[in-house]
């Protein structure tokens with residue numbers, strides 16, 4: 001392999017690979033980078049030429065990495081992370097009053113909580129811009145661990161020793177069923193009843209799915225593998241739309257279904273002994289030297305722990 005051609009690899013080519021893996025689609029990745037699709041395709045082609053091998057497979061199912069691509073992708077995340085660290089440490093010296101924050105968050109905070117937070121933060125800090133990546137909790141933890149994002153907000157406390165975690169907001173998980181289903185003939189379901197329902201699950205890596213799994217193992221010594229799973233979907237919005245359409249029931253964050261409950265599109269059904277709460281936590285790498293604008297945002301997040309929310313009541317049959 002002509003390793004000397006590696007000197008031709010650029011940061012933008014590595015970023016193109018990272019975004020392509022995140023989006024699994026050339027068009028969406030190009031939008032994320034504010035490029036045309038032909039430009040992004042050319043970046044990937046140049047990267048393959050410099051590496052001397054094929055790094056992505058293109059087919060009708062989308063984009064996947066070759067074994068060589070996986071190696072280059074892992075290194076690309078580290079390189080871009082080091083670039084971000086260099087930039088931020090230099091910015092710290094200048095104590096700049098503006099800048100960009102690279103933030104990642106799991107589905108619920110990125111969809112239902114952070115838009116309110118970012119809007120409030122921007123009132124007093126109009127020159128600080130935020131670039132937010134939405135993913136499941138495991139993917140967000142990986143992005144922060146590898147330095148691709150400076151901070152993250154996820155639905156579980158990470159076990160990685162490189163990371164710090166600060167609790168921000170409490171969340172309650174609820175059983176959501178289609179409004180068209182017959183109402184239960186008793187005040188609350190038993191945990192065992194969950195295994196009789198057509199059920200929609202989040203994908204593996206979701207904190208919501210992991211929380212449900214832990215609960216089932218504790219209560220009935222079974223897990224989601226024993227459920228009547230009709231679909232596994234990659235976001236809370238997709239799961240919620242599946243419930244609205246009558247596909248099945250699911251466990252979702254209360255934040256996600258406030259409007260649908262009020263509009264009569266779904267019902268919340270109580271489960272005997274169920275009071276599953278979790279916290280969304282702020283995560284970042286230990287010993288990170290943050291530039292002043294990121295410090296301001298972290299301070300703001302800590303002060304903004306009580307998000308103005310709308311509660312919804314569990315509907316008894």
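Observations on the model:
Condition check ((1) outside the structural domain of residue 99 (by TED's automatic domain parsing); (2) surrounded by 23 or more Cβ atoms within 10 Å (Cβ to Cβ); (3) within 20 Å of residue 256 (Cα to Cα); (4) at pLDDT below 95) across all residues:
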{"residue": "131", "(1), (2), (3), (4)": "no, no, no, yes"}
{"residue": "138", "(1), (2), (3), (4)": "no, no, yes, yes"}
{"residue": "158", "(1), (2), (3), (4)": "no, no, no, yes"}
{"residue": "184", "(1), (2), (3), (4)": "yes, no, no, yes"}
{"residue": "190", "(1), (2), (3), (4)": "yes, no, no, yes"}
{"residue": "205", "(1), (2), (3), (4)": "yes, no, yes, yes"}
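- Yes/no for residue 209 being under 22 Å from the mean Cα position of the chain (by Cα), within 24 Å of residue 143 (Cα to Cα) and assigned to a loop (DSSP other than H, G, I, E, B): no
- Given (1) under 24 Å from residue 207 (Cβ atoms); (2) over 9 Å from the mean Cα position of the chain (by Cα); (3) in a helix (DSSP H, G or I), number of the condition residue 91 does not satisfy: (1)
- Filtered by the rule that a residue be buried (at least 16 other Cβ atoms within 10 Å of the Cβ) and either within 22 Å of residue 218 (Cα to Cα) or without any contact (Cβ under 8 Å) to a residue 12 or more places away in the chain (or both), the stretch 160-171 gives a lone residue, 171.
- Condition met for residue 27 (assigned to a helix (DSSP H, G or I) and within 23 Å of residue 139 (Cβ to Cβ)): yes
- Candidates in the stretch 140-156 are the residues that are surrounded by fewer than 21 Cβ atoms within 10 Å (Cβ to Cβ) and out of contact with any helix residue (DSSP H, G or I) (no Cβ under 7 Å at 6 or more places or on another chain); of these, the one that is farthest from residue 206 (Cα to Cα) is 145.
- Qualifying position, being surrounded by 13 or more Cβ atoms within 10 Å (Cβ to Cβ), part of a helix (DSSP H, G or I) and without any contact (Cβ under 8 Å) to a residue 12 or more places away in the chain, among 122, 83: 122
- Checklist (1) farther than 29 Å from residue 125 by Cβ; (2) surrounded by fewer than 19 Cβ atoms within 10 Å (Cβ to Cβ); (3) in contact (Cβ under 8 Å) with a residue 24 or more places away in the chain applied to residue 100, failing item: (1)
- Verdict on residue 173 being closer than 24 Å to residue 15 by Cβ and at pLDDT 90 or above: no
- Residues that are in a helix (DSSP H, G or I), buried (at least 18 other Cβ atoms within 10 Å of the Cβ) and not assigned by TED's automatic domain parsing to the domain that holds residue 103, drawn from the stretch 248-300: 254, 255, 256, 257, 260, 261
- Among the residues listed as 44, 18, the single one being within 21 Å of the chain's Cα centre (by Cα) and either within 23 Å of residue 146 (Cβ to Cβ) or part of a helix (DSSP H, G or I) (or both): 18
- Residue match in the stretch 177-188 (condition: assigned to a strand (DSSP E or B), closer than 27 Å to residue 109 by Cβ and touching a residue at least 12 places away in the same chain (Cβ under 8 Å)): yes
- Taking the listed residues 268, 282, the one that is touching a residue at least 24 places away in the same chain (Cβ under 8 Å) and more than 26 Å from residue 132 (Cβ to Cβ) is 268, with no other qualifying.
- Output for the stretch 5-31, where each listed residue is surrounded by fewer than 19 Cβ atoms within 10 Å (Cβ to Cβ), in contact with a strand residue (DSSP E or B) (Cβ under 9 Å, 6 or more places away or on another chain) and over 16 Å from residue 70 (Cα atoms): 25
The values are calculated or read from the model by the stated rules, or taken from the named source; none is laboratory data. This one's a predicted model, so the numbers in the text were calculated from it and none came from an experiment. Glycine gets a Cβ as well: all are built from the backbone with ideal geometry, and neighbour counts include every protein chain shown.
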